[in-house]
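In what follows, a single structure is set out as structure tokens and then discussed.
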Amino acid sequence: MAGYQRKKRKMTAEINVVPYIDVMLVLLIIFMATSPFITQGVEVELPKTSSSTPASDLAGESESSFIIVEIDRDGNLGLSVNDNEVQRGLSLQDIIVRVRAELSLKPDSPVAVGGDAMTPYAEVVLILDELNQAGIEKVGLLTDIK
């Protein structure tokens, strides 16, 4: 009589990744929904002038970028390239390195320093001087049009 032989199955250890993918998609949706509320910024009240040129005229062509170094009334520095979100909490040396890197990619990019109306003038001049010493010769001042 022929004997019954069970099939020997090879044990495999596999991880079911479907629940992990579901969790990751839920987290992605949560982060996408809450990210607009997390943006932080400091309101900067720019000095008013009647004879200023709009930034869009200074940038010229669409492929050139516009670099803005901002300083608030407390002396905190920020950097914005192409009207993107302002990166806050940077040191002056970090800003100089990033501005030089952006200018190495797009040398025709205009650079402007924008200070709050309550920012001490000496701090704005210090930033202008440091940018000049770093080899960034063309730097403008950012103002608000009346």
query = With respect to Ile145, is the statement that it is among the hydrophobic types (A, V, I, L, M, F, W, C), over 15 Å from Ile68 (Cα atoms) and modelled with pLDDT under 85 true?
reply = yes
Note on the stretch 103-146: residues charged (D, E, K, R) and in contact with a Leu (Cβ under 8 Å, 6 or more places away or on another chain) are Asp116, Glu130, Asp144
Inside the stretch 119-141, the number of residues satisfying the requirement of being part of a helix (DSSP H, G or I) and either closer than 12 Å to Val97 by Cα or aliphatic (A, V, I, L, M) (or both) is 8
Taking the stretch 59-102 and the residues there that are modelled with pLDDT of 80 or more and of a type in the set (Ser, Thr, Tyr), the one that is most open to solvent (accessible area, probe 1.4 Å) would be Ser91
The residue that is least open to solvent (accessible area, probe 1.4 Å), considering only those in the stretch 103-124 that are closer than 10 Å to Ile67 by Cβ and of a type outside the set (A, V, I, L, M), is Ser109
Just one listed residue, out of Asp74, Asp129, Asp116, is of a type outside the set (A, V, I, L, M, F, W, C) and in contact (Cβ under 8 Å) with a residue 12 or more places away in the chain, and it is Asp116
Here the residues within the stretch 18-53 that are at pLDDT below 75 and surrounded by 10 or more Cβ atoms within 10 Å (Cβ to Cβ) are Gly41, Val42, Val44, Glu45, Leu46, Pro47, Lys48, Thr49, Ser52, Thr53
Next on the checklist: Just checking, does the stretch 115-136 include any residue being within 23 Å of Ile38 (Cβ to Cβ) and among the β-branched types (Val, Ile, Thr)?
Outcome noted: no
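The values are calculated or read from the model by the stated rules, or taken from the named source; none is laboratory data. The structure presented is a predicted model; accordingly, all values stated were derived computationally and were not measured. For neighbour counting, all protein chains shown are included, and Cβ atoms are generated from backbone atoms with ideal geometry for every residue, glycine included. Just the protein is used for accessible areas: all its heavy atoms, side chains included, with ligands, DNA and RNA removed. Shrake-Rupley method; radii C 1.70, N 1.55, O 1.52, S 1.80 Å.
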